[in-house]
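*Asks:* Dropping a structure here in structure tokens format, bear with me for questions.
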Amino acid sequence: VAGRSRHPDFSTPSLELIRKLAMTALVRLAVLCVVCLRVAIGIDLVDTAMKWASVSWGETNVTMTRDIALRNGFQSELHRLETDDGYIIHMTRIRGIRDFTERPKLPVLLMHGLLSSSDHWLLGGRGKDLPLLLAELGYDVWLGDWRGNTFSRGHKFMSTSDPNYWNFTYHLRAHHDLPAFIDRVLHVSRAPQLFYIGYSYGTTAVMVLGSELPEYQSKIKQAILLAPVGYRLRDMHPKIQMAVDVVLNTYKTTTIRALFELLPREGLFFPLWRAACGSFQEACTKMLYYFFGQRGENIDQESFRALLPRLPSGASSLDLIYLAQIFTRGFRAYDFGKRTNQYVYGQKLPPDVPVEINTIPMALYYSPSDHLNSEEGVFELSRRLRNVTFVKKIGIANFSHLDYMIGKGVKEYLYDDIINLIVTLS
């Protein structure tokens with residue numbers, strides 16, 4: 001499709017090179033995790049490993065998002081889509097409980113973040129989860145799954161074992177996946193516009209979409225950005241700085257060719273994750289909060305137990321690099337290096353995302369305790385965005401990046417406010 005971004009094609013590297021690059025990255029990330037566990041929790045990893053054989057785990061089967069909605073009493077459908085660049089992606093529709101005496105309501109599209117999937121929106125059950133709350137009010141709710149995650153792993157010509165399958169970032173998802181999602185929602189729901197709710201990296205995609213595909217600006221009635229990612233972290237938390245340094249140093253000279261799946265829910269990593277967190281949920285909780293927030297006192301343990309067997313959900317290795325680039329260099333297109341940038345963009349540095357021309361109304365929610373956000377950065381972003389509905393600080397002490405999904409009382413201090421905004425605009 002003319003005008004939509006694509007990554008350049010590269011010759012497929014040898015499997016041996018891929019293995020070496022993957023092992024280098026995994027070893028460095030493993031060392032980082034060990035350091036974090038030792039510093040944050042004081043766990044003896046040798047003793048932990050000895051106990052892996054006696055692991056107990058809850059629900060181990062991956063349950064499709066549609067099945068979770070059905071289990072909670074809602075009509076639900078699975079939709080298969082093909083993007084214009086050949087990826088096969090999926091989305092789940094949760095049909096609203098309709099009062100047919102009322103006018104039809106605009107549909108709501110929710111998009112997850114990095115290493116996540118649509119089932120992460122449905123961890124608490126009826127009366128707690130944002131999509132189910134909206135469906136109870138009569139809204140047609142759609143949950144998308146970005147390319148490359150657990151539920152969207154297809155392609156017309158490539159398999160996931162082909163390194164070139166993983167040649168994408170959220171920038172490309174904004175150009176190809178998100179338009180496909182929006183068009184399907186509007187077509188099936190027979191609506192002129194929709195509400196968009198993005199979490200973390202899901203906010204990045206809609207900002208790119210509105211800035212670089214302006215024909216989609218009028219299709220979004222209101223965008224709601226939870227923990228927006230789209231600016232440089234000037235005062236980066238030491239924990240995040242350490243992780244960013246590992247990522248950028250690992251791929252400094254091999255960025256283009258290091259194409260592989262990052263932390264899939266299948267394969268070698270997941271049994272190790274399941275084993276460690278099955279017996280040591282408190283340790284896993286502390287490790288996650290070590291990176292994403294404060295002490296974790298806001299976590300809903302029931303939702304957390306539902307989340308653990310659904311982590312992680314897979315992504316491209318380039319996704320992690322792109323996130324590190326945003327944190328250190330600002331909101332730009334993907335940086336391939338000067339030579340390839342010249343070929344792709346016609347200049348040595350990647351262009352900035354022109355958010356100033358994005359007319360989609362944006363409501364921003366953030367927390368100062370979120371290590372992947374900063375108050376200064378959120379306000380810098382809001383000054384650049386053209387149409388900001390409001391910027392709201394979540395007034396809960398130590399509210400972390402994970403609390404948007406699994407925080408105790410998140411319905412009362414966040415979801416109710418989001419629903420009120422949507423109802424008011426409806």
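*Asks:* Only one of Leu178, Leu172, Leu133 is more than 26 Å from Leu307 (Cβ to Cβ) and either assigned to a helix (DSSP H, G or I) or within 19 Å of the chain's Cα centre (by Cα) (or both). Can you tell me which?
*Replies:* Working: Leu178 fails: more than 26 Å from Leu307 (Cβ to Cβ); Leu133 fails: more than 26 Å from Leu307 (Cβ to Cβ).
Result of the check over Leu178, Leu172, Leu133: Leu172.
*Asks:* Among the listed residues Arg232, Arg295, which satisfies the condition of being modelled with pLDDT of 70 or more, under 29 Å from Val391 (Cβ atoms) and part of a loop (DSSP other than H, G, I, E, B)? Steps first, please.
*Replies:* Working: Arg295 fails: modelled with pLDDT of 70 or more.
Going through Arg232, Arg295 in turn, the sole match is Arg232.
*Asks:* To continue, here is another question. Hey, among Asp177, Asp183, which residue is out of contact with any Cys (no Cβ under 9 Å at 6 or more places or on another chain) and within 25 Å of Gln325 (Cα to Cα)?
*Replies:* Numbers: Asp183 fails: within 25 Å of Gln325 (Cα to Cα).
Among Asp177, Asp183, only Asp177 is out of contact with any Cys (no Cβ under 9 Å at 6 or more places or on another chain) and within 25 Å of Gln325 (Cα to Cα).
*Asks:* From the list Leu414, Leu381, pick out the single residue that is outside any loop (DSSP other than H, G, I, E, B), at pLDDT 95 or above, buried (at least 17 other Cβ atoms within 10 Å of the Cβ) and under 21 Å from the mean Cα position of the chain (by Cα).
*Replies:* Details: Leu381 fails: at pLDDT 95 or above.
Just a single option satisfies the conditions, and that option is Leu414.
*Asks:* Answer yes if at least one residue in the range 265-280 is at pLDDT below 85, assigned to a helix (DSSP H, G or I) and closer than 28 Å to His175 by Cβ, and no otherwise.
*Replies:* So in the range 265-280, the residues at pLDDT below 85 come out as 265-280.
Subset that is assigned to a helix (DSSP H, G or I): 269-279.
Next, from what is left, pick out any that are closer than 28 Å to His175 by Cβ: none.
No; the residues of the range 265-280 include none that is at pLDDT below 85, assigned to a helix (DSSP H, G or I) and closer than 28 Å to His175 by Cβ.
*Asks:* Another question, if that's okay. Among the numbered criteria (1) surrounded by 15 or more Cβ atoms within 10 Å (Cβ to Cβ); (2) part of a helix (DSSP H, G or I); (3) at pLDDT 90 or above, which one does Pro309 miss?
*Replies:* All conditions pass for Pro309, except number (3).
*Asks:* Now for a separate question. Within the set of pairs 6+ apart or on separate chains, which have a first residue in the range 407-426 that is free of Cβ contacts under 8 Å to residues at least 24 places away in the same chain and of a type in the set (Asp, Glu), a second that is buried (at least 17 other Cβ atoms within 10 Å of the Cβ) and assigned to a helix (DSSP H, G or I), and C-beta atoms under 7 Å apart?
*Replies:* Note: no pairs meet the criteria.
*Asks:* Is it the case that the range 368-377 has a residue that's surrounded by fewer than 20 Cβ atoms within 10 Å (Cβ to Cβ) and among the hydrophobic types (A, V, I, L, M, F, W, C)?
*Replies:* No, the range 368-377 contains no residue that is surrounded by fewer than 20 Cβ atoms within 10 Å (Cβ to Cβ) and among the hydrophobic types (A, V, I, L, M, F, W, C).
*Asks:* Quick one: which of Ala205, Ala180 is touching a Phe, Trp or Tyr at 6+ places or on another chain (Cβ under 7 Å) and of a type in the set (A, V, I, L, M, F, W, C)?
*Replies:* Just a single option satisfies the conditions, and that option is Ala205.
*Asks:* Still on this model: State all residues of the range 386-400 that are surrounded by fewer than 23 Cβ atoms within 10 Å (Cβ to Cβ) and assigned to a loop (DSSP other than H, G, I, E, B); if no residue qualifies, say none.
*Replies:* Kept after step one, since they are surrounded by fewer than 23 Cβ atoms within 10 Å (Cβ to Cβ), are these residues of the range 386-400: 386-398.
Hits for the range 386-400 are Arg386, Asn387, Ile394, Gly395, Ile396, Ala397, Asn398.
*Asks:* Tally time: how many residues in the range 329-375 are assigned to a loop (DSSP other than H, G, I, E, B) and aromatic (Phe, Trp, Tyr)?
*Replies:* Applying the first criterion (assigned to a loop (DSSP other than H, G, I, E, B)) to the range 329-375 yields 330-331, 333-337, 346-351, 353-354, 358-361, 367-374.
Filter once more, so that each one left must be aromatic (Phe, Trp, Tyr): 331, 334, 336.
Adding up the residues that qualify gives 3.
*Asks:* Residues to consider are Asp162, Asp177; find the one that is crowded, with 19+ Cβ neighbours inside 10 Å, among the charged types (D, E, K, R), over 22 Å from Tyr415 (Cα atoms) and in contact (Cβ under 8 Å) with a residue 60 or more places away in the chain. Explain how you work it out, then say what you get.
*Replies:* Details: Asp162 fails: crowded, with 19+ Cβ neighbours inside 10 Å.
Asp177 is the lone residue from the list that is crowded, with 19+ Cβ neighbours inside 10 Å, among the charged types (D, E, K, R), over 22 Å from Tyr415 (Cα atoms) and in contact (Cβ under 8 Å) with a residue 60 or more places away in the chain.
*Asks:* Something else: Go through (1) out of contact with any helix residue (DSSP H, G or I) (no Cβ under 8 Å at 6 or more places or on another chain); (2) part of a loop (DSSP other than H, G, I, E, B) one by one and return the number of the condition Val185 breaks.
*Replies:* Val185 satisfies all of (1) out of contact with any helix residue (DSSP H, G or I) (no Cβ under 8 Å at 6 or more places or on another chain); (2) part of a loop (DSSP other than H, G, I, E, B) except (2).
*Asks:* Sort out which residues of the range 386-401 are touching an Asp or Glu at 6+ places or on another chain (Cβ under 9 Å) and either of a type in the set (Gly, Ala, Ser) or at pLDDT below 95 (or both), and write them in order of number. Break it down into steps so the answer makes sense when it comes.
*Replies:* So the first thing to find is which residues in the range 386-401 are touching an Asp or Glu at 6+ places or on another chain (Cβ under 9 Å), and the list is 386, 392-394, 396-401.
If the condition is that a residue be touching an Asp or Glu at 6+ places or on another chain (Cβ under 9 Å) and either of a type in the set (Gly, Ala, Ser) or at pLDDT below 95 (or both), then Arg386, Ile394, Ile396, Ala397, Asn398, Phe399, Ser400, His401 are the ones that fit.
*Asks:* Mind checking which residues of the range 75-97 are among the β-branched types (Val, Ile, Thr), part of a strand (DSSP E or B) and surrounded by fewer than 16 Cβ atoms within 10 Å (Cβ to Cβ)?
*Replies:* Once the filter is applied, which keeps residues that are among the β-branched types (Val, Ile, Thr), part of a strand (DSSP E or B) and surrounded by fewer than 16 Cβ atoms within 10 Å (Cβ to Cβ), the range 75-97 yields only Ile88.
*Asks:* Go through (1) touching a strand residue (DSSP E or B) at 6+ places or on another chain (Cβ under 9 Å); (2) surrounded by fewer than 24 Cβ atoms within 10 Å (Cβ to Cβ); (3) within 30 Å of Glu302 (Cβ to Cβ); (4) of a type in the set (Asp, Glu) one by one and return the number of the condition Asp145 breaks.
*Replies:* So Asp145 meets the others, but not (2).
*Asks:* Something else now. Specify which of the listed residues (Leu225, Leu213) is more than 17 Å from the chain's Cα centre (by Cα), modelled with pLDDT of 95 or more and within 29 Å of Tyr196 (Cα to Cα).
*Replies:* Leu213
*Asks:* Here is a list of conditions, (1) buried (at least 24 other Cβ atoms within 10 Å of the Cβ); (2) small (Gly, Ala, Ser); (3) part of a helix (DSSP H, G or I), and Gly198 meets all of them except one; can you say which number that is?
*Replies:* Going through (1) buried (at least 24 other Cβ atoms within 10 Å of the Cβ); (2) small (Gly, Ala, Ser); (3) part of a helix (DSSP H, G or I) one by one, Gly198 breaks only (3).
The values are calculated or read from the model by the stated rules, or taken from the named source; none is laboratory data. Owing to the predicted nature of the structure, the values given are computational and were not obtained by experimental measurement. Positions of Cβ are backbone-derived with ideal geometry, glycine not excepted, and every protein chain shown enters the neighbour counts.
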